[in-house]
Structures are given as structure tokens and as C-alpha cells.
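One structure is given here, and the rest of the page talks about it.
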Amino acid sequence: MNVVKLRIYPTPEQSVALAKAFGCCRLVWNRSLQLTTEAYRQTGKGISGYDLKKMLPQWKRELEWLGET
């Protein structure tokens with residue numbers, strides 16, 4: 001497997017945008033993981049990716065900043 005590492009030098013504005021994007025990704029990942037884990041513990045089945053995708057618009061309505069990125 002070949003790996004290429006690149007160093008980036010973002011501007012201050014780009015740094016803010018990257019921080020927001022990574023924060024949104026982290027929230028969606030953690031919330032999805034929590035819901036899937038809880039569902040598995042209760043029912044023995046997880047939540048499908050399709051069902052998690054359907055929840056995203058609701059999360060965006062609940063957290064306005066989530067839809068900014």
C-alpha cells in the first residue's frame with residue numbers, strides 16, 4: 001500500500017472552516033454510534049446506514065450550525 005502525506009498550510013479562514021467541518025463530522029459520527037449501540041443493546045440489531053441518513057435532516061433542524069458546512 002502506498003501512502004502519500006501532504007502538509008497543508010490553511011489560511012485563518014480555512015482553519016475555521018476546517019474546524020467547523022471536523023466538528024460536524026465528529027458530532028454526526030458520535031451520535032450515530034450512540035444510537036446504533038443503544039439499538040443493538042435493546043434489540044440485538046443495529047441501525048442501518050440508510051436509517052441514519054434519514055435522521056440527518058432532523059439533526060440539522062435541531063442544531064442550526066450543523067447545516068452550515
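Report, by residue number, each residue of segment 48-67 that is among the charged types (D, E, K, R), within 13 Å of the chain's Cα centre (by Cα) and either over 23 Å from E38 (Cα atoms) or surrounded by 11 or more Cβ atoms within 10 Å (Cβ to Cβ) (or both).
Scanning segment 48-67 gives a single hit, K60.
Which residue pairs have Cβ atoms closer than 8 Å, lie 6 or more positions apart in sequence or on different chains, and pair a first residue in segment 45-66 that is under 20 Å from A17 (Cα atoms) with a second residue that is surrounded by fewer than 13 Cβ atoms within 10 Å (Cβ to Cβ)?
Note: pairs meeting the criteria are K60/G67.
Cβ-Cβ below 9 Å, separation at least six or inter-chain, first residue in segment 12-26 and in contact (Cβ under 8 Å) with a residue 24 or more places away in the chain, second in a helix (DSSP H, G or I) and surrounded by 11 or more Cβ atoms within 10 Å (Cβ to Cβ): which pairs?
What qualifies is K20/W65; K20/E68; C24/W65; C24/L66; C24/G67; C24/E68.
Can you name the condition, by its number, that Q14 falls short on among (1) modelled with pLDDT under 95; (2) assigned to a helix (DSSP H, G or I)?
(1)
The values are calculated or read from the model by the stated rules, or taken from the named source; none is laboratory data. Note that the coordinates shown come from a computational prediction; the quantities given were computed from them, not determined experimentally. Using ideal geometry, Cβ is built from the backbone for each residue, glycine included, and neighbour counts are taken over all protein chains shown.
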